[in-house]
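> My questions all concern the structure below.
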Amino acid sequence: MRKLVLGIFLVAMLVFVPATVAMANFNVTLDNQPIQVAMEVRDGRTLVPVRVFVQDILGGEVDWCGDARRVDIIHKHNALVLHIDSNVALVNGNEVLLDVPAMIINYATLVPLRFVTEALGMDVNFNDGTIHVTSTHIQVVDFPYTVGRGTDATLSIIGRPLTYYHLGVEFLAGASTAVGLGYVLTDEYGNAYWIWRIGSTTTLGNWPITITGGGEIRREYFEVRE
């Protein structure tokens, strides 16, 4: 009878263990150099310990506010705010929706790998069991992270001299076709500048932009308001 009860208990344990959480078994590289970081997978998204990944590996700053259950990240000119178990984060003051929230697992604060790295202007790719994180030297010099409907948005960067850089903007309906986006050739100092119009009916919210050129990628977010 004891064996039967034990067997039922073990089956119950297997049934009620959350299937959405699993240990990740991926290799990770930063700028093609292998790095060591523990990972968890939640709902198909990879999470990493925030202090190890952001502070120790990327060289950023991490602050934990226990009362608010909030983690603040500062890396170069970018500032991120994530609340535990919340699908809303702040990127340079703008709200962004997350596929999976930051969470505490085994007393460690874990954050979504792709969101954090892309919000910090880096690129992430998964290939043959390896997560490739690539930093960028593209500098955003001037960018109003909040733009009103029916007004002009501008973006200035410093990249490689005499190199073509492409600016793309994604909205709810897909890639923007606004005049002024696309390829721009930097000057001899690496400067490039775009100006484009935000439509009067553009969906309100936070939207990603992608800058590519010189073998590098940088991503940012901006908010469209009334």
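The values are calculated or read from the model by the stated rules, or taken from the named source; none is laboratory data. What you see is a predicted model; the values in this text were computed from it and never measured. Cβ atoms come from the backbone with ideal geometry, glycine included; neighbour counts cover every protein chain shown. Only protein heavy atoms, including side chains, enter the accessible area calculation; ligands, DNA and RNA are left aside. Shrake-Rupley method; radii C 1.70, N 1.55, O 1.52, S 1.80 Å.
> Only one of these is at pLDDT below 60, part of a loop (DSSP other than H, G, I, E, B) and at negative phi: 38, 19, 12. Name it. Don't jump to the end; show me each part of the working.
Values: 38 fails: at pLDDT below 60; 12 fails: part of a loop (DSSP other than H, G, I, E, B).
After applying the criteria, what remains is 19.
> I've got another one for you. For a quick check of your reading: which strands (runs of 3 or more DSSP E) sit entirely within segment 123-226 and have at least 2 residues that are under 22 Å from the mean Cα position of the chain (by Cα) and within 24 Å of residue 59 (Cα to Cα)?
Ranges flagged: 123-127, 130-134, 139-142, 152-158, 205-213, 216-225.
> Check segment 140-151 and report whether any residue there is without any contact (Cβ under 8 Å) to a residue 24 or more places away in the chain and of a type in the set (Asp, Glu).
Yes, the conditions are met somewhere in segment 140-151.
> For segment 35-55, how many residues meet the condition of being surrounded by 15 or more Cβ atoms within 10 Å (Cβ to Cβ) and farther than 13 Å from residue 113 by Cβ?
Matching residues across segment 35-55 total 2.
> Kindly provide the set of residues from segment 204-218 that are open to solvent by less than 60 Å² (accessible area, probe 1.4 Å) and either more than 18 Å from residue 114 (Cα to Cα) or of a type in the set (Lys, Arg) (or both), ordered by number. Working first, answer last.
The initial filter retains those residues of segment 204-218 that are open to solvent by less than 60 Å² (accessible area, probe 1.4 Å), namely 205-214, 216-218.
Correct list: 205, 213, 214, 218.
> Can you report the number of residues in segment 84-108 which are surrounded by fewer than 20 Cβ atoms within 10 Å (Cβ to Cβ) and farther than 18 Å from residue 208 by Cβ?
The total comes to 9.
> When the residues of segment 65-78 are narrowed to those that are in contact with an Asp or Glu (Cβ under 8 Å, 6 or more places away or on another chain) and assigned to a strand (DSSP E or B), which ends up surrounded by the fewest Cβ atoms within 10 Å (Cβ to Cβ)?
By that ranking, first place goes to 65.
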